[in-house]
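Colleague: Dropping a structure here in structure tokens format, bear with me for questions.
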Amino acid sequence: MTNKMWGGRFSSKTDTLIEKINASIKFDYRLAMHDIDGSIAHVNMLADCSIIKKKEAKQIILGLEEIRKEILEDKFEYKIELEDIHMNIESRLTEIIGPVAGKMHTARSRNDQIATDVRLYLNETINEIIVLIKDLQKDLSQKALSNFDTIMPGYTHLQIAQPITFGHHLLSYVELFNRDKLRFLDSLERLDECPLGAAALAGTSYPIDRFLSSKTLGFSKPMANSLDAVSSRDMLLETLSNLSILSVNLSRLAEEIILWVSSEFNFVCLSDNLTTGSSIMPQKRNPDGAELIRSKAGRVIGSLNTLFIVLKGLPLAYSKDLQEDKEPLFDAIDSVNLSLKVMTIIIKDIQPNKDIMLQAAKKGFAIATDIADILVQELNIPFRESHKIVGSIVAYAEKRNKNLEELDIADYKELDQRITIDLVNKISFDTIIHNKLSFGGTSPQNVNKEAKKWLKRLNV
Ligand code: ARG
């Protein structure tokens, strides 16, 4: 038998391989609830516009609600020969309510139907992602507040650069993830138009009211051009781009955590329940969660690339190529959703080894630049000259296996006669870090204020 829904003009059965490549049910079943919502809105509109009878609409809607229940209770049988979620639902509807089910597809096509389903799905999942980003921001801000004065080395080129506070480091990710969140929020505005009623590509001659079905589904208006409504997938590209940027940002934090928990750094500890062991090396506690977050970015960017390549050069309006948009989209959403949840439990759990962080900053001569700044202010000399003096101070300390705080006035005098005891007293990590009061700077005072500001903004 040919397909029950569109087999009218066909005399032979579809080849099984064509059936296989054509079917999308193994992934678009995920859109079932949105498909039912879309159909109910459409059928109500058809009845309001007197295109079908109210009684018929009622029968169809009752049938659809029964199907919704079957799906939610895992009792619905998806059939590959029915190709996709739309035809699986319509076929089951026919079994339940008989031929009147055929009226549901009046004045629409699967082309506007799938475009509507995906927009409803995107709206729901983007909102979920926004909540998950917010959760992560909250935990980062809490951890930042409890570490507003925890000193660690800040890096450039992965070489110790200047001392910073751990809280400041964590808050930098709060800012970064906030921009990710804003990008998603912004995209919801463009998502807020409904394709339903565009039909196959040209609109319809039935007297439908697209504004009504659009409103029922929660959109602010119908899409203005029927061709655009069925063939554009830029909202998926935009979502995948936003997911890619977010996953790259997550991967950077993941990489830092991987470095920090390594025995070389040993800056932070992760609990046993968040690490995994090795089947051969008994001493290991691996940060697999962070490693997988780091690598998921590759999958997400791959999904974006897939869709770019599917869409490139594709003529309007609908082509079956567009069915290939869903698997990469679902995969990217699932990857980012899980990554955000895992990152949140990692951040909640992470405990800094404060003393090790401080010692690393000291050993790495992290206050050299600050000493140069002190010399400029105190001796009234150009920065280039003080840079040179501090260079010799670092070399001197290194030779004697000391850190910069451990040099005394006699050492300094040996290097430059102008250096006074008052000046040497200013060379302390504590004073230096507390003086980083410039707007956006790392001083504990700033970080305390910023962390509290974020927690308030995030309603904690
Ligand atoms: N399963 C299809 C998709 O995901 C639905 C639209 C099919 N339209 C068609 N004319 N074959 O794109």
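Colleague: Pairs to check: 13/320; 138/341; 138/362; 354/413; 348/456; 53/75. Give those whose C-alpha atoms are more than 22 Å from each other in this structure. Don't jump to the answer; show the numbers that get you there.
Modeller: Working: 13/320 20 Å; 138/341 12 Å; 138/362 31 Å; 354/413 33 Å; 348/456 18 Å; 53/75 30 Å.
From 13/320; 138/341; 138/362; 354/413; 348/456; 53/75, over 22 Å: 138/362; 354/413; 53/75.
Colleague: Run lengths n ≥ 4 of DSSP H only: what is the helix-derived mean residue ellipticity at 222 nm for the chain, with -39500 (n - 2.57) per run over all residues, to the nearest 500?
Modeller: Values: 19 runs with 282 residues, N = 460.
Result for the chain: -20000 deg cm²/dmol, rounded to the nearest 500.
Colleague: Can I ask one more? Label residue 402 and residue 457 with points 7 Å out from Cα along Cα→Cβ: what is the distance between them in nm?
Modeller: Those two pseudo-labels are separated by 4.4 nm.
Colleague: Which far-off residues, 5 or more places away or on another chain, put their amide H under 5 Å from the one on residue 164, with H placed in the peptide plane?
Modeller: 152, 154
Colleague: Take the alpha carbon atoms of segment 5-69, find their center, do the same for segment 224-257, and report the distance between the two centers in whole angstrom.
Modeller: Between the Cα centres of segment 5-69 and segment 224-257 lies a distance of 29 Å.
Colleague: Which FRET efficiency value, to the nearest 0.05, do you get for residue 175 and residue 106 by plugging their Cβ-Cβ distance into 1/(1 + (r/R0)^6) with R0 = 60 Å?
Modeller: The pair residue 175/residue 106 has a calculated efficiency of 0.70.
Colleague: Hey, any idea what % of the chain's accessible area is carbon plus sulfur with a 1.4 Å probe? Before the final figure, lay out the partial values.
Modeller: Numbers: 12170 of 22630 Å².
Within the chain, the accessible surface is 54 percent carbon and sulfur.
Colleague: If you project the alpha carbons of segment 347-399 onto their three principal axes, what span does each projection cover, largest first, in Å?
Modeller: Sorted from largest, the Cα extents of segment 347-399 read 47, 26, 14 Å.
Colleague: Turning to a different aspect of this structure: Could you grab the Rg to Rh ratio for segment 221-305? Cα atoms only, Kirkwood for Rh. Each step should come with its number before you reach the end.
Modeller: Numbers: Rg = 19.6 Å, Rh = 15.6 Å.
That ratio equals 1.26.
Colleague: Now, a different point. Give the residues of segment 370-384 whose amide nitrogen is closer than 19 Å to a point set 7 Å from the Cα of residue 425 in the direction of its Cβ.
Modeller: Hits in segment 370-384 for residue 425 at 19 Å: 371, 374-380.
Colleague: Treating the beta-carbon of each Lys and Arg as +1 and of each Asp and Glu as -1, no other charges, what is the dipole magnitude of segment 1-143 about its Cα centre, to the nearest 20 debye? Write down the numbers at each step before the final one.
Modeller: Numbers: 22 positive and 24 negative charges, 66 e Å.
Approximately 320 debye in magnitude.
Colleague: Return the inverse of the average 1/r over all pairs of distinct C-alpha atoms in the chain, which is the Kirkwood hydrodynamic radius, in Å to one decimal.
Modeller: On the way: mean 1/r = 0.0378 Å⁻¹.
Across the chain, the inverse of the average 1/r is 26.5 Å.
Colleague: Would you kindly state how much longer the chain becomes between residue 14 and residue 156 on full extension, computed as 0.36 nm times their sequence separation minus their alpha carbon distance, in nm to one decimal?
Modeller: Details: separation 142, 0.36 × 142 = 51.12 nm, distance 6.17 nm.
The span from residue 14 to residue 156 would gain 45.0 nm if fully extended.
Colleague: Shifting gears a bit: Using the Cα centre as the reference, give the magnitude of the dipole from point charges on the C-beta atoms of segment 94-141 (Lys, Arg: +1; Asp, Glu: -1; all else neutral), rounded to the nearest 20 debye. Please list the in-between numbers first.
Modeller: Numbers: 6 positive and 7 negative charges, 48 e Å.
My answer is approximately 220 debye.
Colleague: Further question: Report the label-to-label distance for residue 252 and residue 351 in nanometres (one decimal), using points 7 Å from each Cα along the Cα→Cβ vector.
Modeller: Placing both labels 7 Å beyond Cα along the Cβ direction yields 2.9 nm.
Colleague: Any idea what the dipole of the chain comes to, in debye rounded to 20, about its Cα centre with Lys/Arg Cβ at +1 and Asp/Glu Cβ at -1? List each step's numbers first, then the result.
Modeller: Details: 58 positive and 63 negative charges, 113 e Å.
In debye, rounded to 20, the chain gives about 540.
Colleague: Here is a further query. What distance in nm separates the two pseudo spin-label positions at residue 77 and residue 262, each 7 Å out from Cα along the beta-carbon direction?
Modeller: Distance between the two pseudo-spin positions: 5.6 nm.
Colleague: Ok, one more. Set the Förster distance to 35 Å, then compute FRET efficiency between residue 225 and residue 22 from the Cβ-Cβ distance, nearest 0.05. Please list the in-between numbers first.
Modeller: Values: r = 28 Å, r/R0 = 0.79.
Plugging the Cβ-Cβ distance into 1/(1 + (r/R0)^6) gives 0.80.
Colleague: Leaving out ligands and nucleic acids, and using a 1.4 Å probe, what accessible area per residue does the chain come to in Å²?
Modeller: Values: 22630 Å² over 460 residues.
Value for the chain: 49 Å² per residue.
Colleague: R0 = 30 Å: FRET efficiency of residue 286 with residue 128, Cβ-based, nearest 0.05?
Modeller: The value I calculate is 0.55.
The values are calculated or read from the model by the stated rules, or taken from the named source; none is laboratory data. Since the model is a prediction, treat every value here as computed from it, not as a measurement. Neighbour counts run over all protein chains shown; Cβ positions are idealised from the backbone, glycine included. Remember, those area values only see protein heavy atoms, side chains included, never the ligands or the DNA or RNA. Shrake-Rupley method; radii C 1.70, N 1.55, O 1.52, S 1.80 Å.
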